[in-house]
Amino acid sequence: MSECGGSIDRRITRMEDWIEVRRQLELESWGRLLQRLEIAVEHADSQMVLVQERQQQSDRNVIALTESHEYVIGRLDTVESNLGTLSSEVGKLVRLLTEERERA
């Protein structure tokens, strides 16, 4: 009978060992999963930083384009004004020439 008792004790010990091994494997599995999650979070954080930097660069580009647009509009206004003045002066010259021709 003592042999049966010893066999049961060994089985219980093996079962406890197996449970401990399984618990360790589960802990290792959770640990690996946690590491992968931490890596994923770090990657997401770095991607977010890149997105924010790109957004800031885009904002600066929009500001620069707006300033350039305003400058070009201002220059076009100046050109339009100069063309108006030139047209007026050409008109005066044509009248003067016409008057001179009529007198001659």
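The values are calculated or read from the model by the stated rules, or taken from the named source; none is laboratory data. No experiment lies behind these values; they were computed from the predicted model shown. Heads up, the Cβs are rebuilt from the backbone with ideal geometry, glycines too, and the neighbour counts pull from every protein chain shown. The area values use the complete protein model at the heavy-atom level, side chains included, leaving out ligands, DNA and RNA. Shrake-Rupley method; radii C 1.70, N 1.55, O 1.52, S 1.80 Å.
Some observations on this one:
- Filter result for Thr66 (surrounded by 10 or more Cβ atoms within 10 Å (Cβ to Cβ) and more than 33 Å from the chain's Cα centre (by Cα)): no
- Check on Ser46, at pLDDT 90 or above, open to solvent by less than 90 Å² (accessible area, probe 1.4 Å) and not aliphatic (A, V, I, L, M): yes
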